[in-house]
Amino acid sequence: MADDHSDNRMTSLDCDIIRSAFRKSIVERRISEGERRRYARLLALELTELDQIDPDIIDWIVAR
């Protein structure tokens with residue numbers, strides 16, 4: 001993402017982008033329900049380049 005993450009935080013825009021990418025990706029890649037949390041975490045880590053992602057954010061990303 002273009003934002004500066006030197007404070008190790010995600011913006012609300014980051015979260016929205018990741019959730020949108022996640023939703024599209026699980027359909028395209030046929031990610032099973034059992035793998036969705038892990039996939040959401042990996043996607044968020046890759047897109048934000050952060051070291052860790054708050055589990056509450058992962059919960060929100062995978063929520064229907």
- Item | Pairs with Cβ under 8 Å, 6+ apart, first in the range 42-64 and over 15 Å from Arg23 (Cβ atoms), second among the acidic types (Asp, Glu) and open to solvent by less than 80 Å² (accessible area, probe 1.4 Å) | Thr48/Asp14
- Task: Note down all Cβ pairs under 6 Å where the first residue falls in the range 6-32 and is at pLDDT below 95, the second is charged (D, E, K, R) and surrounded by fewer than 16 Cβ atoms within 10 Å (Cβ to Cβ), and they're at least six residues apart or on different chains.
- Result: Thr11/Asp3
- Note on the structure: Filtering the range 39-51 for residues that are over 16 Å from Ser12 (Cα atoms) and not in a helix (DSSP H, G or I) leaves a count of 1
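The values are calculated or read from the model by the stated rules, or taken from the named source; none is laboratory data. For clarity, every value in this text was computed on a predicted model and none was experimentally measured. Cβ atoms come from the backbone with ideal geometry, glycine included; neighbour counts cover every protein chain shown. Protein only, heavy atoms only, side chains kept; ligands, DNA and RNA dropped before computing areas. Shrake-Rupley method; radii C 1.70, N 1.55, O 1.52, S 1.80 Å.
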